[in-house]
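A short worksheet on the structure shown next.
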Amino acid sequence: MQQKAFYLETFGCQMNVVDSERIVDLLEGIGYAQVDAADQADLVLLNTCSVREKAERKVYGHLGRFKPIKDQRPELIIGVGGCVAQQEGEKMLETVPYLDLVFGIHNVHRLPELVLQAEEKHLRGTATEFLDRETRLNLFPQRSVRDNVTRFVTVMQGCDNFCSYCIVPHVRGREVSRPSREIVAEIEGLVAQGVREVTLLGQNVNSYGLKEEGEISFARLLHKVDQVAGLERLRFATSHPKDMTDELIDCFGQLDKLCKHIHLPVQSGSDRILKLMNRGYTANDYLRKVERLKTVCPQLRLTTDIIVGFPGETEEDFQATLAMVEKVRYADAFTFLYSPRTGTAAAELNDDQSSVQKQERFERLCAQQNRNSEEAWQADLGEVLPVLVEGESKQGDGQIFGRTTWNRIVNFAGDKELIGKIVPVRIAKVFRNSNLGELP
Ligand code: 5AD
Ligand code: SF4
């Protein structure tokens with residue numbers, strides 16, 4: 001039988017990256033091989049993100065690119081998964097007449113069935129129903145290892161926080177945590193296959209286990225994973241400040257394998273806006289946690305997410321965000337202009353700020369943060385830092401690449417034999433998104 005080809009594009013967060021790895025496994029299971037150009041494929045798939053309007057619009061733009069290919073080859077199957085698929089469901093088939101299948105967040109496992117149905121019967125299909133807890137726990141993604149040095153391991157899915165601006169709880173459904181013994185067993189298996197670093201993943205890992213009877217806390221889970229023999233490094237994402245316990249903070253002073261980096265989204269520095277956002281903490285609560293983090297682990301670097309232009313944000317509110325950025329001195333920040341999402345509470349709020357004003361604030365914040373980032377990364381210049389080598393560099397030239405404990409990419413000339421090892425590398429040049437290093 002001739003092998004069929006699929007092309008897959010992934011947008012959005014790390015949860016989608018994990019789902020895409022599962023998609024690759026499932027499609028290989030029904031005789032497909034992955035290719036990197038849509039015009040060579042029999043099946044093209046988009047795994048989509050709807051966190052901001054721009055991301056959502058992109059999906060339709062991308063689908064448009066596939067239309068001429070389908071006009072030439074009507075047997076081409078086109079599918080959409082992820083958050084936009086979950087949100088729009090069957091409607092997408094109406095809006096996009098050349099689309100064949102739509103699969104939602106809880107239905108990745110049904111993709112082979114939908115593809116075979118499109119292939120054999122030329123039927124268009126949708127699978128977007130939410131599943132119950134038990135079924136979801138049985139379907140937690142386990143993916144095959146392909147020479148990976150680092151892996152994401154999903155520990156929980158969904159989100160119950162309902163931050164007022166956020167679509168995620170609406171499209172990803174309620175929180176479920178996977179049993180800790182399964183997580184540890186998966187990591188032991190990954191390490192046996194050569195994985196050296198894991199990132200424990202969830203929309204809100206700090207609330208891991210809180211809703212499961214008899215389950216250990218996220219901090220205890222970190223302790224258990226830290227003890228897995230052969231594992232070199234441990235990270236986690238993403239954290240919600242409100243559930244960041246002292247027990248968890250103290251892990252940064254106790255666990256050797258835990259990297260000295262935390263992504264701790266603050267969203268705003270104004271108590272009034274934080275309340276409207278339903279974040280469940282004040283600027284002071286947040287700062288107290290940051291202080292404790294820096295006390296238990298002085299080398300720790302923080303990164304964050306910030307939203308500018310939330311409905312009703314005044315200059316005073318914005319100044320409080322700038323003050324937060326100055327106090328914490330983030331090594332990096334992902335800054336977003338607020339984007340109203342239909343169905344969320346914030347979309348109903350009165351918004352009297354002009355887009356020009358929002359843009360101007362956004363640029364002020366970026367300028368300030370860029371100065372801080374530059375300062376943080378320049379501090380590494382000339383230093384010799386331990387780097388876990390992950391693979392061949394995208395830069396080519398026979399370079400390899402890895403990351404520092406702060407999750408900063410370092411490209412350097414070195415032997416491929418070093419892949420999977422932690423090696424000391426001198427930082428020779430600092431760029432915006434990566435460093436150039438050299439073996440000392
Ligand atoms: N508008 C702008 N940014 C948003 N985020 C989530 N929802 C929105 C929205 N409606 C940002 C938050 C979150 C990150 C993943 O995306 O900062 O932490
Ligand atoms: Fe969205 Fe808030 Fe949940 Fe993060 S914690 S996914 S921002 S609702």
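For Val108, are the conditions met, namely being part of a helix (DSSP H, G or I), open to solvent by less than 30 Å² (accessible area, probe 1.4 Å) and touching a residue at least 40 places away in the same chain (Cβ under 8 Å)? Here the answer is yes, as Val108 does meet what is asked. Kindly list the number of the only condition in (1) buried (at least 20 other Cβ atoms within 10 Å of the Cβ); (2) assigned to a helix (DSSP H, G or I) that fails for Val80. All conditions pass for Val80, except number (2).
Among the residues of the range 325-348, those that are part of a helix (DSSP H, G or I) and either open to solvent by 10 Å² or more (accessible area, probe 1.4 Å) or within 11 Å of ligand 1 (Cβ to nearest atom) (or both) comprise Glu326, Lys327, Ala345, Ala346, Ala347, Glu348.
Examine the range 207-225 for a residue that is within 16 Å of ligand 1 (Cβ to nearest atom), crowded, with 21+ Cβ neighbours inside 10 Å and farther than 29 Å from Gly391 by Cα, and state whether such a residue exists. Yes, because at least one residue in the range 207-225 is within 16 Å of ligand 1 (Cβ to nearest atom), crowded, with 21+ Cβ neighbours inside 10 Å and farther than 29 Å from Gly391 by Cα. When the range 175-198 is limited to residues that are more than 23 Å from Asn107 (Cβ to Cβ) and surrounded by fewer than 18 Cβ atoms within 10 Å (Cβ to Cβ), the one that is farthest from ligand 1 (Cβ to nearest atom) turns out to be Ala192. Just checking, does the range 248-268 include any residue being open to solvent by less than 40 Å² (accessible area, probe 1.4 Å), in a helix (DSSP H, G or I), within 16 Å of ligand 1 (Cβ to nearest atom) and in contact with a Phe, Trp or Tyr (Cβ under 8 Å, 6 or more places away or on another chain)? No.
Scanning the range 275-316 for residues that are farther than 22 Å from Ala379 by Cα, part of a helix (DSSP H, G or I) and under 23 Å from the mean Cα position of the chain (by Cα) yields Tyr286, Lys289. Taken together, the criteria place Leu439 among residues that are in contact with a strand residue (DSSP E or B) (Cβ under 8 Å, 6 or more places away or on another chain) and either without any contact (Cβ under 8 Å) to a residue 40 or more places away in the chain or open to solvent by 40 Å² or more (accessible area, probe 1.4 Å) (or both).
Do you know which residues across the range 313-351 are acidic (Asp, Glu) and either farther than 22 Å from Glu374 by Cβ or modelled with pLDDT under 95 (or both)? Correct list: Glu313, Glu315, Glu316, Asp317, Glu348, Asp351.
Of all residues in the range 300-316, which are surrounded by 16 or more Cβ atoms within 10 Å (Cβ to Cβ) and more than 14 Å from Glu363 (Cα to Cα)? Spell out the reasoning first.
To start, the set of residues in the range 300-316 that are surrounded by 16 or more Cβ atoms within 10 Å (Cβ to Cβ) comprises 300-304, 306-311, 313.
Within the range 300-316, Leu300, Arg301, Leu302, Thr303, Thr304, Phe310, Pro311, Glu313 qualify.
Taking each residue of the range 165-189 that is among the basic types (Lys, Arg) and near ligand 2 (Cβ under 9 Å from one of its atoms) and looking for partners that are open to solvent by 30 Å² or more (accessible area, probe 1.4 Å) and not in a loop (DSSP other than H, G, I, E, B) with beta-carbon atoms closer than 9 Å, six or more apart or interchain, yields Arg172/Gln157.
Any residue at all in the range 371-390 that's farther than 30 Å from Asn161 by Cβ, in contact with a Pro (Cβ under 9 Å, 6 or more places away or on another chain) and surrounded by fewer than 16 Cβ atoms within 10 Å (Cβ to Cβ)? Show your work before the answer.
First pass over the range 371-390, keeping only residues farther than 30 Å from Asn161 by Cβ: 371, 374-375, 377-390.
Narrowing the set further to residues that are in contact with a Pro (Cβ under 9 Å, 6 or more places away or on another chain) leaves 384-387.
Applying the additional criterion that residues be surrounded by fewer than 16 Cβ atoms within 10 Å (Cβ to Cβ) yields 384, 386.
For the range 371-390, residues farther than 30 Å from Asn161 by Cβ, in contact with a Pro (Cβ under 9 Å, 6 or more places away or on another chain) and surrounded by fewer than 16 Cβ atoms within 10 Å (Cβ to Cβ): present.
Across the range 7-24, what is the number of residues that are open to solvent by less than 20 Å² (accessible area, probe 1.4 Å), among the hydrophobic types (A, V, I, L, M, F, W, C) and within 19 Å of Val168 (Cβ to Cβ)? Going through the range 7-24 one residue at a time, the tally reaches 2.
Residues of the range 123-174 being over 19 Å from His106 (Cα atoms) and more than 16 Å from ligand 1 (Cβ to nearest atom), which ones? Result: Leu123, Ser144, Val145, Arg146, Asp147, Asn148, Val149, Thr150, Arg151.
The number of residues in the range 126-170 that are at pLDDT 90 or above, of a type outside the set (Val, Ile, Thr), open to solvent by less than 20 Å² (accessible area, probe 1.4 Å) and out of contact with any Lys or Arg (no Cβ under 7 Å at 6 or more places or on another chain) comes to 3. Flag set for Met156, criterion: within 16 Å of ligand 2 (Cβ to nearest atom) and either in contact with a strand residue (DSSP E or B) (Cβ under 9 Å, 6 or more places away or on another chain) or without any contact (Cβ under 8 Å) to a residue 40 or more places away in the chain (or both). Kindly indicate whether any position in the range 317-324 is within 16 Å of ligand 2 (Cβ to nearest atom), within 25 Å of the chain's Cα centre (by Cα), of a type in the set (A, V, I, L, M) and open to solvent by less than 10 Å² (accessible area, probe 1.4 Å). No, because not a single residue in the range 317-324 is within 16 Å of ligand 2 (Cβ to nearest atom), within 25 Å of the chain's Cα centre (by Cα), of a type in the set (A, V, I, L, M) and open to solvent by less than 10 Å² (accessible area, probe 1.4 Å).
Residues that are in contact (Cβ under 8 Å) with a residue 60 or more places away in the chain and either on the phi > 0 side of the Ramachandran plot or open to solvent by 50 Å² or more (accessible area, probe 1.4 Å) (or both): does the range 284-293 have at least one? Spell out how you get there, then give the answer.
Initial filter on the range 284-293 (in contact (Cβ under 8 Å) with a residue 60 or more places away in the chain): none.
The answer is no; no qualifying residue exists.
Looking across the range 269-295, just one residue is within 14 Å of ligand 1 (Cβ to nearest atom) and polar (S, T, N, Q), and that is Asn278. List the pairs whose first member sits in the range 45-58 and is surrounded by fewer than 20 Cβ atoms within 10 Å (Cβ to Cβ), whose second member is of a type outside the set (Phe, Trp, Tyr), and whose Cβ atoms are under 6 Å apart, counting only residues at least 6 apart or on separate chains? What qualifies is Arg52/Ser339; Glu53/Ser339; Ala55/Cys49.
The values are calculated or read from the model by the stated rules, or taken from the named source; none is laboratory data. Note that the structure is predicted; figures quoted are calculated from it, not measured. As a convention, Cβ positions derive from the backbone with ideal geometry for all residues, glycine included, and neighbour counts pool all protein chains shown. Note: areas computed on protein heavy atoms with side chains; ligands, DNA, RNA excluded. Shrake-Rupley method; radii C 1.70, N 1.55, O 1.52, S 1.80 Å.
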